[in-house]
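Read the structure below first, then the notes.
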Amino acid sequence: MADKEATVYIIDLGSTMGDFNNGRTESDLDWSMRYVWDKISTTVAASRKTWTIGVVGVRTNETKNPLQEDGQDGYEHISILQELGPMNLTSLHELQGLIKASDTEAGDSISAIVIAVDMIEKFTKKLKYKRKIILVTDGEGSVDPDDFFDISVKIKASGIELIVLGVDFDDAELGFKEEDKSPTKEKNEKLLKQLVEECDGLYGTMAEAIDELEIPRLKPVKPYKTYSGPLTLGNPDIHPDAMSISVERYFKTHKATIPQASRVVLSSQAAGDEEMEDVEPTGTFAAVKNARTYKVNDPEAPGGKKDVEFESLAKGYEYGRTAVHISESEYNITKIETTKSFTILGFIHQEKYDPFLNMGATCQTIAQKFSDADALKLSSLIHSLQELDSYAVARIVTKDGNEPTLILLAPHIEPEFECLYDVPLPFAEDVRNYQFPPLDKVITVTGNTILENNRLLPSRELADAMDDYVDAMDISNWEKDDEGNRSLEYAAVEDVFCPPLHRLNQVIRHRAIYPDEPPPPTAPILLKYSNPPEDLVTKAKSKLADLIAEANVKKVPPKAKGRREKGAKPQPISGLDVDALLNQPQNKRTKIEPDNAIPGFKQMVEYASEESEIEDAAKQMGSIIRSLITNSLGDSGYDRAVENLGVFKDTMVRWEMPELYNSFLTDFKKRLLSGELGGDRRELWWQMKGARGALGLIDQSVSEPSKVTSEEAAEFFKK
């Protein structure tokens, strides 16, 4: 989009525009203004002073234009409703009050175009502007063809684009033809189309223009240069044969930002509040400034706290449970001293690079403009990488003092364009290494590998059924081309729009134009890719049924609520006796092993038939937790103790025996703080206080049988 724009909208306000046609529930004028309001509101939202708008009304009750005032004939019933210039929300609302169908049919659309041309020429003068005139009409007014040739020459000479949008105009491509059309409208359609063709403009029907409003408009973005300087291989200052190419680097992909909201208050409320000194009125609403205060504990100050000035604050970095202070004057010691550079560190074959290492936005590097020598050097590097199926790994510092970044450079060659695309690479600290069991084999505890005939591995029939279903749901070539053949990529990047971004912009524009109306429905194009294509799902339905049958998929019954009786073993959905299948004896566990405390504790409680057995399990778990703390070297045993403590509490809540846990925790606190459990263990107590509800007493809000109130549970960590 050009930096400067001058657009004049010519709105037909004749009496016929107030009619309701073709089964619509709104007048032709209101329906047509959907398009105009959407375009104007988009310009208002951009808030660019160089994007100017003017509005001319034709077939108006009054006459208000400079050409008629100068005594020229033929410009009656044409009014300038908005002078060409910047537009804001206030002027948009004022304009809305002027857009109403008139009581007359007099007024010539061609004369209105002449006035619009005059407005643009006077405003833009000889400056570089993108000039545009948009005529919205139902074709029932006057269209004088006498000066078509002179007007078209003037429009083309002024560099103005003429667009005519007609209400219910015939459109062969859209497949629309209005029946019982008046002779006047039929004649005017041909005349307006003739004028547009002579001006090399655009001519269309309003229905198509309104339909296109649902297609999100991508915001044009100016090229943002992230780096400009030499791309080196080796050090040119030391080695004369080192490579150095002057390049420029730009963003290729960058996350689009969602519009942010600010908190506001009604201006009337702000004006009546004498204490609101930080409010800046802006029309109907007033912006609110944030104020922040800093306080520290001070027993001698009123309320036990005193205010601290922002200038007296310092940065403290957590080091364990303490803070390390680094003053602003010494802060530079924490930063790496770097200089602006872009250096290739080495090369890697494409097959050896894992795509999951990509870390963020993509940039593209091109040779410095107007330098044929650098273009030739960079082209040689790009073609070498392409021929060798290799990538380059580079280190880049975009500005002195910035943090260094590792990037991967990939060659890209088109007939008229060559560049290096790059993506950020992770450092060692950025990579998360997790070990998961393989899906295609089972490794037993004895080290044996099982590849088939195991309940954890899919059968050959199940794998084939899944393959057939995946093939049936293939969308790689599901989009239809112009001839109706399925040969195009489904959900291509250029066709997939960000739903939150465009939905929010749609709602903002609608609310700006119609403040009292509910939000419009979400545009279908934003929901198109929310679900797979219906015809594809129908096609793959039989394959899905085969897959369900082969996998023996069954509906999971709803989870049973209520407390299970003590001693009653949980029954699996299959109804099988798991103990018998595993050839395990039915003897109850009577001792919990410290090295496997959690499973042992759960199993002992699960199979207990009397409360005394649960009490015994609780005592053993408590003893194990105290032993972990007592024998802990530093904080090495704290994590296991906290985990056991959490399981202990959850189990007692589930079995509605909170007193076993509460009595243990009360005794545990006394021993811990007195140093009985291996010395000073207050760091563990602070860790437990941080968890609070997870490791605190079980109160009545969690378990009804508990004798501890919520207040007592809260006081437990304060003493």
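What shape does segment 128-196 take by its C-alpha gyration tensor, where a ≥ b ≥ c are the square roots of the eigenvalues and a/c under 1.5 counts as rounded, a/b above b/c as prolate, and the rest as oblate?
Values: a/c = 2.67, a/b = 1.69, b/c = 1.59.
Since a/c reaches 1.5 and a/b is larger than b/c, the shape of segment 128-196 is classed as prolate.
Need one word for segment 461-551: rounded, prolate or oblate. Basis is the Cα gyration tensor (sqrt eigenvalues a ≥ b ≥ c); a/c below 1.5 gives rounded, then a/b vs b/c decides.
Details: a/c = 3.57, a/b = 2.21, b/c = 1.62.
In terms of gyration-tensor shape, prolate.
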Q: Quick one: order 630, 257 by neighbouring beta-carbon count within 10 Å, fewest to most.
A: 257, 630
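How many percent of DSSP beta bridges within the chain run antiparallel, rounded to 5? Write down the numbers at each step before the final one.
Values: 63 of 92 bridges.
For the chain, the DSSP antiparallel bridge percentage is about 70.
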Q. What nm value, rounded to one decimal, do you get for the distance between residue 19 and residue 441 when each label is placed 7 Å out toward the C-beta?
A. 8.0
Q) How large is ³J(HN,Hα) for each residue in segment 94-102, as worked out from phi by the Karplus curve 6.51 cos²θ - 1.76 cosθ + 1.60 (θ = phi - 60°), to whole Hz, x for Gly and Pro? A) 5, 5, 4, x, 9, 8, 9, 5, 8
**Q.** Spin-label pair residue 537/residue 153, simplified geometry with 7 Å Cα→Cβ offset, distance in nm
**A.** 6.2
Q. Short version: ³J(HN,Hα) in whole Hz for each residue of segment 363-377, in order, from phi by Karplus 6.51 cos²θ - 1.76 cosθ + 1.60 (θ = phi - 60°), x for Gly and Pro, what are they?
A. 10, 10, 10, 10, 6, 4, 4, 6, 10, 5, 5, 5, 5, 5, 4
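If you take every residue apart from residue 449 with its C-beta less than 13 Å away from the C-beta of residue 449, what net charge results, scoring Lys and Arg +1 and Asp and Glu -1? Don't jump to the answer; show the numbers that get you there.
Values: positive: 441; negative: 440, 452.
My count for the surroundings of residue 449 gives -1.
Using a cut-off of 12 Å between beta-carbons, work out the net charge of the residues near residue 87 (Lys and Arg +1, Asp and Glu -1, residue 87 not included).
Residues near residue 87 contribute 0 overall.
To the nearest 20 debye, what charge dipole does segment 580-716 have about its Cα centre, counting +1 at the Cβ of each Lys and Arg and -1 at the Cβ of each Asp and Glu?
Numbers: 17 positive and 23 negative charges, 70 e Å.
Using only the charged Cβ atoms, the result is roughly 340 debye.
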Q. Of the labelled options [x] 334; [y] 171; [z] 294, which one gives volume of the Cα convex hull per residue in Å³ as computed for this structure?
A. [x]
Q: Could you work out the local net charge near residue 658, counting Lys and Arg as +1, Asp and Glu as -1, over the other residues with Cβ closer than 10 Å to its Cβ?
A: -2
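As an exercise, identify the GluC sites (Glu not before Pro) in segment 634-707 lying in DSSP coil whose Cβ has no more than 14 other Cβ atoms within 10 Å.
656, 676
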Q) Roughly speaking, what is the stretch gain from residue 659 to residue 172, that is 0.36 nm per residue apart minus the C-alpha to C-alpha distance, in nm to one decimal? A) 167.1 nm
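Test of understanding: ordering 203, 514, 434, 317 by Cβ neighbours within 10 Å, fewest first, what list do you get? Let's see the in-between values first.
Working: 203 20, 514 13, 434 4, 317 10.
With the fewest neighbours first, 203, 514, 434, 317 line up as 434, 317, 514, 203.
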Q. What lysines sit close enough to residue 670 to cross-link, taking a C-alpha to C-alpha distance under 25 Å and skipping anything fewer than 8 places away on the same chain?
A. 619, 649, 689, 707, 718, 719
Q: Mind pulling the angle between the C-alpha long axis of helix 611-630 and the longest principal axis of the chain? Nearest 10 degrees, somewhere in 0 to 90.
A: 80
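Mind giving me the FRET efficiency for residue 327 and residue 93? R0 is 41 Å, r the Cβ-Cβ distance, nearest 0.05 is fine. Let's see the in-between values first.
Working: r = 53 Å, r/R0 = 1.30.
Taking R0 as 41 Å, the efficiency between residue 327 and residue 93 is 0.15.
Sorted from fewest to most neighbouring beta carbons within 10 Å, what does the list 467, 546 look like? Before the final figure, lay out the partial values.
Values: 467 12, 546 17.
Fewest-to-most Cβ neighbours within 10 Å comes out as 467, 546.
Can you tell me how much longer the chain between residue 689 and residue 386 gets when fully stretched, taken as 0.36 nm per residue apart minus their C-alpha distance, in nm with one decimal? Intermediate results must be reported in sequence, preceding the final value.
On the way: separation 303, 0.36 × 303 = 109.08 nm, distance 5.93 nm.
So the chain would gain 103.2 nm between residue 689 and residue 386.
Which FRET efficiency, nearest 0.05, do residue 371 and residue 673 yield, Cβ-Cβ r, R0 51 Å? Walk me through the numbers on the way to the answer.
Numbers: r = 73 Å, r/R0 = 1.44.
Efficiency computed from Cβ-Cβ geometry: 0.10.
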Q. Which Cα, out of 77, 91, 14, lies furthest along the positive dipole direction of segment 5-214 (beta carbon charges, K/R +1, D/E -1)?
A. 91
Q: Go ahead and estimate [θ] at 222 nm for the chain from helices alone: -39,500 (n - 2.57) per DSSP H run with n ≥ 4, summed, over the residue count, rounded to 500.
A: -10000 deg cm²/dmol
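Readers should treat all values here as calculations from the given coordinates under stated rules, not as data from a laboratory. Computed from a prediction, not measured in an experiment: that's the story for all the values here. Reconstructed Cβ throughout: ideal geometry from the backbone, glycine too, with neighbour counts over all protein chains shown.
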